[in-house]
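Input: a single structure, listed below in structure tokens.
The values are calculated or read from the model by the stated rules, or taken from the named source; none is laboratory data. What you see is a predicted model, and the numbers here were worked out from it, not measured in a lab. Here the Cβ positions follow ideal geometry from the backbone for every residue, glycine too, while neighbour counts run over all protein chains shown.
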Amino acid sequence: MPHPTSESGPQSNCFGAAQFGQTHWSVVLSAAGRQNPSHAAESLEKLCSLYWRPLYAYIRRQGQNPHDAQDLTQEFFLRLLKKDYLNAVDQGKGRFRSFLLAALKHFLSNERDRARAQKRGGGQSPLPLDFTGEETHLGFQPADSLTPEILFERRWATTLLEQALARLRQDYAGQGKEPLFEQLKTTLTEGRGSVAYSALATSLNMSEAAVKMAAHRLRRRYRECLRAEIAQTVATADEIEDELRHVMSAFAK
């Protein structure tokens, strides 16, 4: 699993798109006071399209089969995007993660009549969700003892890390350096002492010292991309470091 490092340095393009006052979750929160609700709806839909997987994992862990879990996930988003759920936003707890899970629990508590499954959403699918791919990722096992809450937290953390990696790849591709990224991305997960820098140097036709410097920059920029991704899901800049610690601790539970 990719992980951020503690290295510091100049920020890359990754964080430029995440200035506060312009982040998706900040827009949604401001709409709770009825400011530009249409913009908020677009931001909420974008966030949901990125972070639906933890909710689906939670529903599956509650015992729902894949078909019913898919129906419930789509219906939840239909209601979230079409109804006035913003009244439930607690501005004092401005993490999108917390809001989303609380809203899902409220929705599930009111969804007891499974005979309505075929009618959910009137056949509409508000988001193009890859349920088949997600089932493969989850790979539930009968002996798996993870609670729905822990599974939600881990899938949330994994999604953030995946999005950060996608940001980083796009950043390198935009500079015409995607081949370098593809060669060096394994250094994000390997221990510092286990990276075969000499082999990478031969493959990239670079000196070993140059490869080590490039890997150092990659790790630094990955952390910046992860911070930028987290910034989209919290209300203030002060919450980024706390949420970053939460992401890392999710895998220790």
Go through the stretch 190-253 and tell me which helices (runs of 4 or more DSSP H), entirely inside it, have 1 or more residues that are crowded, with 20+ Cβ neighbours inside 10 Å and within 26 Å of the chain's Cα centre (by Cα). 208-231, 240-249
Considering each residue of the stretch 144-184, count those that are part of a helix (DSSP H, G or I) and exposed (fewer than 14 other Cβ atoms within 10 Å of the Cβ), and give that number. 6
Between residues in the stretch 196-218 that are on the phi < 0 side of the Ramachandran plot and residues that are among the basic types (Lys, Arg) and surrounded by 14 or more Cβ atoms within 10 Å (Cβ to Cβ), which pairs lie under 8 Å by C-beta distance while being six or more apart or on different chains? 197/212; 218/185
Can you spot a residue in the stretch 222-232 that is of a type in the set (S, T, N, Q) and either without any contact (Cβ under 8 Å) to a residue 12 or more places away in the chain or in contact with an Asp or Glu (Cβ under 9 Å, 6 or more places away or on another chain) (or both)? no
What single numbered condition from (1) at pLDDT 70 or above; (2) under 30 Å from residue 221 (Cα atoms) fails to hold for residue 80? (2)
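So that you can scan it fast, the table gives a plain yes or no per residue for (1) at pLDDT 95 or above; (2) farther than 23 Å from residue 247 by Cβ:
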| site | (1), (2) |
| --- | --- |
| 150 | no, no |
| 158 | no, no |
| 169 | yes, no |
| 172 | yes, no |
| 191 | no, no |
| 194 | no, yes |
Can you list residue pairs whose Cβ atoms sit under 8 Å apart, with the first residue in the stretch 78-99 being among the β-branched types (Val, Ile, Thr) and the second being buried (at least 18 other Cβ atoms within 10 Å of the Cβ) and at pLDDT 70 or above? Count only pairs 6 or more apart in sequence or on different chains. 89/28; 89/29; 89/99
Selection from the stretch 228-238 of residues out of contact with any Lys or Arg (no Cβ under 7 Å at 6 or more places or on another chain) and closer than 16 Å to residue 156 by Cβ yields 230, 231, 232
Subset of the stretch 195-253, residues under 16 Å from residue 25 (Cα atoms) and β-branched (Val, Ile, Thr), comes to 230, 233, 234, 236, 240
